[in-house]
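**Student:** Let me begin by handing over the structure; questions about it come next.
The values are calculated or read from the model by the stated rules, or taken from the named source; none is laboratory data. Just so we're clear, the structure is a prediction, and the values are computed from it rather than from any experiment. Please note: Cβ atoms are built from the backbone with ideal geometry, for glycine as well, and neighbour counts cover all protein chains shown. Calculation scope for accessible area: heavy atoms of the full protein, side chains included, ligands and nucleic acids excluded. Shrake-Rupley method; radii C 1.70, N 1.55, O 1.52, S 1.80 Å.
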Amino acid sequence: QVQLVESGGGLVQPGGSLRLSCDASGNTFRIDTMGWYRQAPGMEREVVAVVISTGATTYGDSVKGRFTISRDNAKNTVDLQMNSLKPEDTAVYYCLIIGDRGGYWGQGIQVTVSS
């Protein structure tokens, strides 16, 4: 059974920062891609940031320049540093891993940006 443990969400004021973490260290299979997606109420799930095993990254247009994704291949963890947060960043954020056993989602973690 694949285990993903997400942490770091919560309530923050506009302009603030949060750091999300996803721990996949309990899994022994090879992980190629790690990333974060988000889904706001009434909206489709969208990509936030993805990092592959080489370290190459991809960001959604709305978060470029504000969010930074990083991964630790030895620990099988992926973090998302979110700066200059805006109310429109409010959503449930999901960790995603893709490896030689397929793709798996985390349970989701709420991020709310509000004054």
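**Student:** If you take the Cα atoms of segment 4-115, find Rg, then find the Kirkwood Rh from the mean of 1/r over all pairs, what is Rg/Rh?
**Tutor:** Checking Rg against Rh, the ratio lands at 0.96.
**Student:** In Å and from the alpha-carbon atoms only, list the Rg and Dmax of segment 70-111.
**Tutor:** For segment 70-111, the Cα radius of gyration and maximum Cα-Cα distance read 12.6, 37 Å.
**Student:** With charges set only on the Cβ (+1 for Lys and Arg, -1 for Asp and Glu), what does the dipole of the chain come to about its Cα centre, in debye to the nearest 20?
**Tutor:** 120 debye
**Student:** Compute the accessible area per residue over segment 10-115, keeping the other protein chains in place, probe 1.4 Å, unit Å².
**Tutor:** So segment 10-115 comes to 51 Å² accessible per residue, rounded to a whole number.
**Student:** Counting only protein heavy atoms, what percent of the accessible surface of the chain is carbon or sulfur at a 1.4 Å probe?
**Tutor:** Roughly 48 percent of what the probe reaches on the chain is carbon or sulfur.
**Student:** Which stretch or stretches of segment 90-115 have amide N atoms under 19 Å from the point lying 7 Å from GLN39's Cα along the Cα→Cβ direction?
**Tutor:** 90-98, 103-113, by backbone N distance to the label point.
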